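To keep things clear, I will list the structure first and then write my remarks on it.
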Amino acid sequence: MADNNSKGLRVNEMIRVREVRLIDENGEQKGIVSTIEAMRMAKDLDLDLVEVSPNANPPVCKILDYGKYRFEQEKKLRDSKKNQKVLKLKEIRMQPKIGSGDLDTKAKHVQEFLNEGDKVKVTIRFRGRELAHTELGFDVLKQVENRLEPGSYAIEKPAAMEGRFMSMTLGSKVSKAKQKPASKEAAADMAESAEENQQD
């Protein structure tokens with residue numbers, strides 16, 4: 001039997017209404033019965049009367065083992081949290097005058113993060129006179145796109161200038177079944193970008 005101080009749902013003597021719509025221990029509807037009678041039925045079965053839908057008129061109550069019910073609900077909550085993936089925004093930075101080999105590596109890391117199911121912000125950092133040639137940034141971002149697997153991403157935020165930076169944000173379109181962890185090299189590349197953010 002449940003402790004009457006159980007948090008959340010009202011149980012047994014905590015149910016103060018005169019009558020309830022009752023569901024028995026087998027899940028069968030018993031119609032509207034007095035709360036006293038419903039509690040007696042639950043007690044006879046050594047089970048609990050639990051108010052599962054307090055806003056209904058009258059409230060819906062069910063005869064069940066509240067301790068077991070609460071355990072199962074908590075387990076479902078833990079399992080659902082376990083299966084939820086925290087969506088992260090990763091950032092990869094590069095210069096407008098980046099070599100082809102370095103660009104291949106950066107694009108590979110972007111792809112790995114997309115394959116992991118994360119969003120990726122690709123940022124071009126301009127220095128001094130480079131700001132007079134922002135078209136180079138658009139070209140680099142386009143080259144990054146061209147190196148990515150078709151259908152694996154969606155452009156969530158097109159290339160645009162933000163002060164001395166130009167960036168675009170890509171969202172992953174990779175199915176959960178095909179998602180896989182990014183390499184240590186990609187993680188290191190992203191970490192370097194984070195350090196640059198602090199220095200700026």
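Coordinate-derived values only; no laboratory data. Everything quoted here is computed from the prediction, not taken from an experiment. All Cβ positions, even for glycine, are placed from backbone atoms using ideal geometry, and neighbour counts span all protein chains on display.
Considering only DSSP beta bridges whose two residues both sit in the chain, what percent are antiparallel, to the nearest 5? Present the calculation step by step, with values, prior to reporting the outcome.
Numbers: 24 of 33 bridges.
Of all bridge pairs located within the chain, approximately 75 percent are antiparallel.
What does the charge add up to near Asn57, with Lys and Arg as +1, Asp and Glu as -1, over the other residues with Cβ less than 14 Å from its Cβ? Walk me through the numbers before you get to the answer.
Working: positive: Arg18, Arg21; negative: Glu19, Glu51.
It works out to a net charge of 0.
So how far apart, in nm, are the two label points at Ala154 and Asp46 if each is 7 Å from Cα heading toward Cβ?
Using points 7 Å along Cα→Cβ, the separation is 5.5 nm.
Is segment 89-199 best put as rounded, prolate or oblate by its Cα gyration tensor, with a ≥ b ≥ c the root eigenvalues, rounded for a/c under 1.5, and otherwise prolate when a/b is larger than b/c, oblate when not?
On the way: a/c = 1.87, a/b = 1.57, b/c = 1.19.
Taking the square roots of the gyration eigenvalues as a ≥ b ≥ c, segment 89-199 is prolate.
Given R₀ = 22 Å, what would the calculated FRET efficiency be for Arg16 paired with Asn55, taking r from the Cβ atoms and rounding to 0.05? Present the calculation step by step, with values, prior to reporting the outcome.
Numbers: r = 15 Å, r/R0 = 0.67.
E between Arg16 and Asn55, to the nearest 0.05, is 0.90.
Using helices alone, what [θ] at 222 nm do you get for the chain, with -39,500 (n - 2.57) per DSSP H run of 4 or more residues, divided over all residues and rounded to the nearest 500? Present the calculation step by step, with values, prior to reporting the outcome.
Values: 5 runs with 72 residues, N = 200.
Taken over the chain, the calculation gives -11500 deg cm²/dmol.
I'd like the Karplus ³J(HN,Hα) series for segment 150-167: coefficients 6.51, -1.76, 1.60, θ = phi - 60°, whole numbers in Hz, and an x wherever there's a Gly or Pro.
Once θ is set to phi - 60°, the couplings for segment 150-167 become x, x, 8, 8, 9, 7, 8, 9, x, 4, 7, 7, 9, x, 8, 10, 10, 8 Hz.
Between Glu156 and residues 5 or more places away or on another chain, which pairs have amide H atoms under 5 Å apart, with H built 1.01 Å from N, and which residues are they?
Thr169, Leu170, Gly171
Run down the lysines and flag those whose C-alpha is under 16 Å from the C-alpha of Lys121, throwing out any fewer than 8 positions away in its chain.
Once the sequence-local lysines are set aside, what remains near Lys121 is Lys88, Lys90, Lys106, Lys108, Lys142, Lys157, Lys173.
On a full-extension model of 0.36 nm per residue, what is the gain between Arg164 and Thr134, subtracting their alpha-carbon distance, rounded to one decimal in nm?
Working: separation 30, 0.36 × 30 = 10.80 nm, distance 0.96 nm.
This chain segment gains 9.8 nm when fully extended.
Subtract the Cα-Cα distance of Gln143 and Lys68 from 0.36 nm times their separation in residues, and report this length gain in nm to one decimal.
Values: separation 75, 0.36 × 75 = 27.00 nm, distance 5.74 nm.
In short, 21.3 nm is gained.
Peptides 158-167, 126-135: what's the order by average Cβ count within 10 Å, highest mean first? Mind showing how you got there, number by number?
Numbers: 158-167: 14.1, 126-135: 11.8.
Top of the packing list down: 158-167, 126-135.
Here are labelled values, (i) 141; (ii) 197; (iii) 307, and one is the computed volume of the Cα convex hull per residue in Å³ for what I pasted. Which one?
(ii)
Where both partners of a DSSP beta bridge lie in segment 89-199, what percent of those bridges are antiparallel, to the nearest 5? Write out the running numbers ahead of the final one.
Numbers: 13 of 19 bridges.
Within segment 89-199, antiparallel bridges account for around 70 percent of the total.
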